[in-house]
Amino acid sequence: MSKKNCGHYSGIGGQAVLEGVMMKNKDEYAVSVRKPDGNIETKKEKYTGILSGSKLTKLPFIRGVFNFIDSLVLGMQTLTYSASFYEEEDAKETKTDQVLDKVSKGNGEKLLMGLTVAFSIVLAVAIFIALPYGISLLFHSYIRNASLLAILEGIVRLAIFLSYVALIAGMKDIRRVYQYHGAEHKCINCLEKGRPLTVKDAMRSSRLHKRCGTSFLLFVMLISIILFMFIRVENPGLRLVVRILLIPVIAGISYEIIRLAGRSDNIFINLISKPGMWLQKLTTREPDESMIEVAIASVEAVFDWKAYLKEEFGYEVDESWMDDGGRTETALEEDGVAEAEAGEPILQ
């Protein structure tokens, strides 16, 4: 297969934050936020992860667990940073802030962030693991087959997850965050389809991507159904413990699938990625041009996209293209640059 028809992987990923986008490339990340005065503020820093340099972070099926934890921690940090632009100027330090600073010797904010991440994990386990399991036990007297019970538990878990996504997507305040989520995807898709990173070219790229965290979470739900069908424990209490202990395994498998999806255009991989892409229609929204500008600022802070296009697609970006928002479809095709159809999935 020629390089032109293969999937292209940029190595960058990110997430939406409050009125902005975070983009990460290797150990560097940048957060760009549209401030209340209309200007774009960009902060660039390094984040090496909780086990920086450890061989564990490179082992298949294990690296996914640490990647997930790092994503939670970095995501919380960048979300807090973006929210700081919209806090009330006269907000005063609370007694809780003072106590945390005293206990943590001045690291109150980091301590609070760690507690928030830990609480989020515990809450997720309670809602998406313990609750569906508890509901399935109500049918134990009617369904004797362990495999059918595991399937029922999985259906309940999936229903709770989809209901949660739909509920959040319907909230007015979340809509702009989902628009920035779409802007993040569009910029990455734009580059991975060989287009110059301009507002015009990004706007006509897909807002869906196979490497999205939404797809990852859906894979977690589906893989849990399969594993729980085959791993059986008679004791009800111990069965719940086993389910909780299997979370890292499920996360590790899901990460490898998402990772492979982002690097391959294999027909089977594309097929199993479809449900996650469909779900992204809820967790992303079409952004406006001002949001694309913020996402582009974040990308350019950590990624040399012109060098990427030259190396990956074999052409150099003419500066004149940047003035009119990129070259025409015909000109790009003549140079052998791969193009995406409207709505075609592409990402991280």
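The values are calculated or read from the model by the stated rules, or taken from the named source; none is laboratory data. Given the structure is predicted, the values throughout are model-derived calculations rather than measurements. Every residue, glycine as well, gets a Cβ built from its backbone with ideal geometry; the counts of neighbours run over all protein chains shown. Remember, those area values only see protein heavy atoms, side chains included, never the ligands or the DNA or RNA. Shrake-Rupley method; radii C 1.70, N 1.55, O 1.52, S 1.80 Å.
What the stretch 275-318 shows is 44 Å² of accessible area per residue, with the surface traced by a 1.4 Å probe over protein heavy atoms. Residues of the stretch 232-270 falling in the label zone of H140, defined by backbone nitrogen less than 19 Å from a point 7 Å along Cα to beta-carbon, are 232-245.
Report the Cα centroid-to-centroid distance between the stretch 195-235 and the stretch 16-55 in angstrom, as an integer. Rounded to whole Å, the Cα centres lie 22 Å apart. Beyond a 25 Å Cα-Cα separation, which of these cross-linked pairs lie in this structure: K43/K306; K281/K310; K58/K210; K43/K274; K24/K200? Cα-Cα > 25 Å for K281/K310; K43/K274; rest within.
Converting phi to 3J(HN,Hα) with the Karplus coefficients 6.51, -1.76 and 1.60 and the offset θ = phi - 60°, the stretch 205-217 yields 8, 6, 8, 10, 8, 5, 9, 5, x, 4, 5, 4, 5 Hz in sequence order, with x at every glycine or proline.
Taking all protein chains together and a 1.4 Å probe, the residues S273, S120 rank S120, S273 from largest to smallest accessible area.
For the stretch 187-203, putting each phi into the Karplus relation 6.51 cos²θ - 1.76 cosθ + 1.60 with θ = phi - 60° gives couplings of 5, 5, 4, 4, 5, 6, 9, x, 9, x, 7, 10, 4, 4, 5, 5, 4 Hz, in residue order, rounded to whole numbers and with x for Gly and Pro.
Each of F128, F230 has its accessible area taken with a 1.4 Å probe; listed largest first, they run F230, F128.
Stretched out straight at 0.36 nm per residue, the stretch from K200 to L115 would grow longer than its current Cα-Cα span by 26.4 nm.
Accessible surface area normalised per residue over the stretch 161-212 is 35 Å², counting heavy atoms of protein chains with a 1.4 Å rolling probe.
Legend: residues W321, W305, W278, sorted from most to least accessible area (1.4 Å probe; ligands, DNA and RNA excluded), read W278, W321, W305.
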